[in-house]
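J.: Before anything else, here's the structure in question.
The values are calculated or read from the model by the stated rules, or taken from the named source; none is laboratory data. No experiment lies behind these values; they were computed from the predicted model shown. With ideal geometry, Cβ positions are generated from the backbone for all residues, glycine too; neighbour counts draw on all protein chains shown.
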C-alpha cells in the first residue's frame, strides 16, 4: 500500500512444514522490535501435505486494515515443488521472491520468467538437513528473508526462536537462520 | 391482576425472581387444588410405609400415636395425611398394596 | 504506565484468554467450535501452568457450557466462556436464563456465519441473533480492544445496579486468528483493583443462607422482573461509559461507545463495526488523497444501543452509509445496525439519508477497493437523489 510504509509478505509451503509458524515468528520479532505487525494463516481447514499459505504484515505504524493480502510485496516459497502459478499470483510488479531451491539463480530466473522481480534463492533444505538433521526449513527461510528484506533485525528473530523452542532445538534453529542469512544469494 | 390485591412494585422485589426466605412454600397450602381426597382406612392399613415413601409432596406423616384395629391388632404408630398440602394426585391410592386408601370426591 | 504492561503479539482469541486470566476467573466452561477454540485451549494452558487458579468444566455441548456457567455464577463465582456461530445458537435458550437470573457472566464471541450451508468464516449473524437476550454486547475492532473490553465488562456486569451478562465479539478468523501487538498486564493486581472480586453484593446460592433461584413467576409477577431488566440495561448505559472512562484514567486506553475518524468536515460517513472498521479507515485515507471527503464511524457497543453518542456522531451528516455484516431477513431494512439507526434518525428528527450496504457475509472478501466502490456507488445515488429503502447487497453475483 502506497499510503503507509509497510511490507506485506506471503508464505508458501505444504501442511506440516511450519509455514504458519514462520509467519508468526516473523510478526513476533517485529513486535518485540517495537514495530507493528499482523500474522494470519489462510483461514480454513488444514491438511498435512496440502499447499498452505500464511501472511505477515510488518509496518512502522499502526496497521488499520484487515483486508487480506492479495498483492504481496514479498513471497517466500519453502517448497520448491509447488507450481509457480500458485506463488506468483498477485506478487507485485518489482516485488521480491525468496525461494528454497537447489537450482542456481539463473535457472530460477528462467523458470520464473518475470524480469521485474527481485529474486533470491537459498538451499534451505540442505541447511536444514545439515544443521537440524531434518527438512524443517521454515526458520532458515526467515533468515534468508531478513537478509533480503531488512525490515527486522536478526537479533529479534533469534530472541523469538529462543522463546518458542526448547533450548537445544532453539540453538540449532538459530544456527540454521544464521546460515541462511549468510548463504542466501541475490542479484 | 391488580383488582385481586395490591402486589409490590418492581422496585421492591428481589431481582431475577430470587426467593430469599428458605422453605417459604410451607406458607402456601396447596390442598385446595384437590378434586379427590385420599382417606386412609386405619383398620386395613398394614403400616408398610409405601404411601409415605412415594407421596411426592410429601404430605403423609408418621404420627407417634398408637392405634388398635377393630380386629384387635396393636400398632405403635399411625399414618396421617396433611390435607393442607395433599394435592389429591392419587399415587398413594394406586400404590397401596392392600387398597387401604379410599379416594373420595371433595365436596366443597 | 509502561511498568504495568508488556507488549506481546497475540491473536484476539488469545487476548480474550489473557483477559480472563487477568481478571482471575474462577470457573470456565466451554465447548470447542471453530474459530473460538484457541481461547479455551490457552486458558487450559494457563490453568495447567498454574498461572490461573480456575475450575475448567468440560461439557458435551454449548448448551451445557452455558448451563454450567449459570450454575457456577449463581454461587458467586467469576465465570467466563467463549463460543461462535452454531455454538452461540445452541446456547440461545440459556442466554435468557443467564440474563433473567441476573448473572454477570462474560462471554467472548469469535463472530462466525451461521449454517446452513456450513460456513466457518466471519460474519455477525450469530451475534445479531442474540439481540433481544438482554446481554450487554460489545464489538471490538482490535485484539487490544478485546482484552480491554473483557476486563471492562466484568466491572460492568458485576455492578450491583446492572447485574447482567455481557458478550464481547470480534471477527472470527480475521481477528480471532491474526497475531498483532497487544499490551497485557505484567501483573494482575492493578487489573483486580479495577475489577475487585466481590461476590457478596449479589444474590447467590450459599448453603449457609439458602435462597431459591429460578422459581416460576406467574403473570402477576413475571412482568415486573422483565421491567427490572429493562431498567438494568438502561443503567448499564451509564455504567459502561464510566467503566470505560475509569479504565482510561487508570490504564491510558479507552474506547467510548462510538469512534469517529475524519468526520469533522464531511457530508458522508461510513459506519461499521468489528475488524472491518480498520479497512474502512484505510479506504477513507485513500479516498481523501484523491480528494473525496468521507469519514468513518465505528459502533462499539450494540446493547445498550448508544443513541446519544451516535446522535452526536451523525447529526451533521447529510448521508450515512451503514455497512452491516449480518442480515435480518424480511426486515424493513435488512441490516440489523441500519435498522437501529433508522429508528434513531426518526426519533431524533434527523434528515440524514441512510444507505445500507450488506458486506462480508460468510467472510466474502472486503478490501479497501470494495469500500471505495461503495462510496462511488452511493455518490451516484446521491447525484440522482435516490435513497433506496432496500439494503444493497454489495458484491453478490448476479
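J.: Is it true that some residue in segment C:214-232 is touching a strand residue (DSSP E or B) at 6+ places or on another chain (Cβ under 6 Å) and assigned to a loop (DSSP other than H, G, I, E, B)?
T.: Let us first name the residues in segment C:214-232 that are touching a strand residue (DSSP E or B) at 6+ places or on another chain (Cβ under 6 Å), namely C:215.
If we keep only those that are assigned to a loop (DSSP other than H, G, I, E, B) too, we end up with C:215.
Yes.
J.: Look through segment B:72-86, keep the residues that are surrounded by 16 or more Cβ atoms within 10 Å (Cβ to Cβ) and in a loop (DSSP other than H, G, I, E, B), and return whichever of them is modelled with the lowest pLDDT. Please lay out each step first, then the result.
T.: Of all residues in segment B:72-86, those surrounded by 16 or more Cβ atoms within 10 Å (Cβ to Cβ) come to B:78-79, B:81, B:83, B:85-86.
So of that shortlist, the ones also in a loop (DSSP other than H, G, I, E, B) come out as B:83, B:85-86.
Values: B:83: 95, B:85: 92, B:86: 95.
In this case the residue turns out to be B:85.
J.: I would also like to ask the following. Could you figure out which of (1) at pLDDT below 95; (2) within 30 Å of residue C:16 (Cα to Cα) isn't true of residue C:209?
T.: (2)
J.: Taking residue C:29 as the residue in question, decide whether it is closer than 27 Å to residue C:89 by Cβ and part of a helix (DSSP H, G or I). Lay out the reasoning, then the answer.
T.: On the way: closer than 27 Å to residue C:89 by Cβ: yes; part of a helix (DSSP H, G or I): no.
No: the conditions fail for residue C:29.
J.: Residue C:247 fails exactly one of the following numbered conditions: (1) without any contact (Cβ under 8 Å) to a residue 12 or more places away in the chain; (2) over 30 Å from residue C:363 (Cβ atoms). What is the number of that condition?
T.: It is condition (1) that residue C:247 fails.
J.: Moving on to the next point. If a residue has to be assigned to a helix (DSSP H, G or I) and in contact with a helix residue (DSSP H, G or I) (Cβ under 8 Å, 6 or more places away or on another chain) to count, how many in segment C:303-312 make the cut? Full working, then the answer.
T.: Step one: filter segment C:303-312 for residues assigned to a helix (DSSP H, G or I), giving C:307-312.
Next cut, in contact with a helix residue (DSSP H, G or I) (Cβ under 8 Å, 6 or more places away or on another chain) only: C:307, C:310-311.
Residues meeting the conditions: 3.
J.: What strands (runs of 3 or more DSSP E) completely inside segment A:19-125 contain at least 3 residues that are in contact (Cβ under 8 Å) with a residue 60 or more places away in the chain?
T.: Details: elements: A:36-41, A:51-59, A:74-77, A:96-100, A:118-122.
The strands (runs of 3 or more DSSP E) meeting that bar are A:74-77, A:118-122.
J.: Any residue at all in segment C:156-163 that's away from chain B (no Cβ under 14 Å) and at pLDDT 95 or above?
T.: Initially, segment C:156-163 is screened for residues away from chain B (no Cβ under 14 Å), giving C:156.
Subsequent filtering for residues that are at pLDDT 95 or above retains C:156.
Yes, segment C:156-163 has at least one match.
J.: Taking into account only those residues within segment C:352-374 that are more than 12 Å from chain A (Cβ to nearest Cβ) and out of contact with any strand residue (DSSP E or B) (no Cβ under 6 Å at 6 or more places or on another chain), which is nearest to residue C:312 (Cα to Cα)?
T.: First pass over segment C:352-374, keeping only residues more than 12 Å from chain A (Cβ to nearest Cβ): C:352-358, C:361, C:373-374.
Right, trim to out of contact with any strand residue (DSSP E or B) (no Cβ under 6 Å at 6 or more places or on another chain) and you get C:361, C:373.
Working: C:361: 29, C:373: 27 Å.
Among those residues, the one meeting the criterion is C:373.
Residue-wise test of (1) outside the structural domain of residue C:37 (by TED's automatic domain parsing); (2) surrounded by 22 or more Cβ atoms within 10 Å (Cβ to Cβ); (3) farther than 30 Å from residue A:31 by Cα.
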residue: C:151; (1), (2), (3): no, yes, no
residue: C:159; (1), (2), (3): no, no, yes
residue: C:170; (1), (2), (3): no, yes, no
residue: C:174; (1), (2), (3): no, yes, no
residue: C:192; (1), (2), (3): no, no, no
residue: C:217; (1), (2), (3): no, no, yes
residue: C:228; (1), (2), (3): no, no, yes
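J.: Please verify whether segment B:12-19 includes one or more residues that are on the phi > 0 side of the Ramachandran plot, free of Cβ contacts under 8 Å to residues at least 60 places away in the same chain, surrounded by 16 or more Cβ atoms within 10 Å (Cβ to Cβ) and touching a helix residue (DSSP H, G or I) at 6+ places or on another chain (Cβ under 8 Å). Steps first, answer last, please.
T.: Filtering segment B:12-19 for residues on the phi > 0 side of the Ramachandran plot gives B:16-17.
From what is left, the residues that are free of Cβ contacts under 8 Å to residues at least 60 places away in the same chain are B:16-17.
Checking the rest, the ones that are also surrounded by 16 or more Cβ atoms within 10 Å (Cβ to Cβ) come to B:16-17.
In the following step, the residues that additionally are touching a helix residue (DSSP H, G or I) at 6+ places or on another chain (Cβ under 8 Å) were identified as B:16-17.
Checked segment B:12-19: at least one residue is on the phi > 0 side of the Ramachandran plot, free of Cβ contacts under 8 Å to residues at least 60 places away in the same chain, surrounded by 16 or more Cβ atoms within 10 Å (Cβ to Cβ) and touching a helix residue (DSSP H, G or I) at 6+ places or on another chain (Cβ under 8 Å).
J.: Give segment C:272-302 a look and list any residue that's assigned to a loop (DSSP other than H, G, I, E, B), away from chain A (no Cβ under 11 Å) and surrounded by 24 or more Cβ atoms within 10 Å (Cβ to Cβ), or say none.
T.: Correct list: C:273 only.
J.: I'd like the full set of residues that are part of a loop (DSSP other than H, G, I, E, B), touching a strand residue (DSSP E or B) at 6+ places or on another chain (Cβ under 7 Å) and within 14 Å of chain A (Cβ to nearest Cβ), limited to segment C:240-271. Reasoning before the result, please.
T.: Initially, segment C:240-271 is screened for residues part of a loop (DSSP other than H, G, I, E, B), giving C:252-257, C:262-267.
Pick out the ones that are also touching a strand residue (DSSP E or B) at 6+ places or on another chain (Cβ under 7 Å) and you get C:257, C:262-263, C:266-267.
Answer for segment C:240-271, where residues must be part of a loop (DSSP other than H, G, I, E, B), touching a strand residue (DSSP E or B) at 6+ places or on another chain (Cβ under 7 Å) and within 14 Å of chain A (Cβ to nearest Cβ): just C:262.
J.: Considering (1) away from chain A (no Cβ under 14 Å); (2) over 24 Å from the mean Cα position of the chain (by Cα); (3) assigned to a helix (DSSP H, G or I), say which one residue C:316 fails and leave the rest.
T.: Only one criterion is unmet by residue C:316, namely (3).
J.: So the check is Cβ under 6 Å with 6+ separation or different chains; which pairs have a first residue in segment B:91-108 that's more than 19 Å from residue B:57 (Cβ to Cβ) and a second one that's part of a strand (DSSP E or B)?
T.: Once the first residue is more than 19 Å from residue B:57 (Cβ to Cβ) and sits in segment B:91-108, its partners that are part of a strand (DSSP E or B) give B:105/B:36.
J.: Collect the residues in segment C:325-350 that are touching a helix residue (DSSP H, G or I) at 6+ places or on another chain (Cβ under 8 Å) and in a loop (DSSP other than H, G, I, E, B), keeping them in residue-number order.
T.: C:325, C:326, C:327, C:328, C:331, C:332, C:333, C:348, C:350
J.: Continuing with this model, one more query. Among the numbered criteria (1) under 17 Å from the mean Cα position of the chain (by Cα); (2) surrounded by 19 or more Cβ atoms within 10 Å (Cβ to Cβ); (3) within 14 Å of chain C (Cβ to nearest Cβ), which single criterion is violated by residue A:63?
T.: (1)
J.: Further question on the same structure: Scan segment C:194-207 for residues that are part of a loop (DSSP other than H, G, I, E, B) and either surrounded by fewer than 17 Cβ atoms within 10 Å (Cβ to Cβ) or within 12 Å of another protein chain (Cβ to nearest Cβ) (or both) and report the count.
T.: We begin by selecting, within segment C:194-207, every residue part of a loop (DSSP other than H, G, I, E, B); these are C:195-198, C:202-207.
From what's left, either surrounded by fewer than 17 Cβ atoms within 10 Å (Cβ to Cβ) or within 12 Å of another protein chain (Cβ to nearest Cβ) (or both): C:196-198, C:202-207.
Of the residues in that region, 9 qualify.
J.: Being surrounded by fewer than 19 Cβ atoms within 10 Å (Cβ to Cβ) and modelled with pLDDT of 95 or more is the requirement here; does residue C:239 meet it?
T.: On the way: surrounded by fewer than 19 Cβ atoms within 10 Å (Cβ to Cβ): no; modelled with pLDDT of 95 or more: yes.
Spelling it out, it is not the case that residue C:239 is surrounded by fewer than 19 Cβ atoms within 10 Å (Cβ to Cβ) and modelled with pLDDT of 95 or more.
J.: Output the qualifying pairs, or none if there are none: Cβ atoms under 6 angstrom, residues six or more apart or on different chains, first residue in segment C:208-228 and more than 7 Å from every other protein chain (Cβ to nearest Cβ), second residue part of a helix (DSSP H, G or I) and at pLDDT 95 or above.
T.: none
J.: Please specify each residue of segment B:20-42 satisfying the condition of being without any contact (Cβ under 8 Å) to a residue 24 or more places away in the chain and either touching a helix residue (DSSP H, G or I) at 6+ places or on another chain (Cβ under 9 Å) or assigned to a helix (DSSP H, G or I) (or both). Before the answer, list the steps.
T.: Taking segment B:20-42 and keeping what is without any contact (Cβ under 8 Å) to a residue 24 or more places away in the chain, we get B:20-28, B:32.
Within segment B:20-42, B:21, B:24, B:25, B:26, B:27, B:32 qualify.
Yes/no matrix, rows are residues, columns are (1) surrounded by 22 or more Cβ atoms within 10 Å (Cβ to Cβ); (2) facing chain C (nearest Cβ under 9 Å); (3) modelled with pLDDT of 95 or more; (4) closer than 12 Å to residue A:151 by Cα:
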| position | (1), (2), (3), (4) |
| --- | --- |
| A:11 | yes, no, yes, no |
| A:25 | yes, no, yes, no |
| A:36 | no, yes, yes, yes |
| A:52 | yes, no, no, no |
| A:75 | yes, no, yes, no |
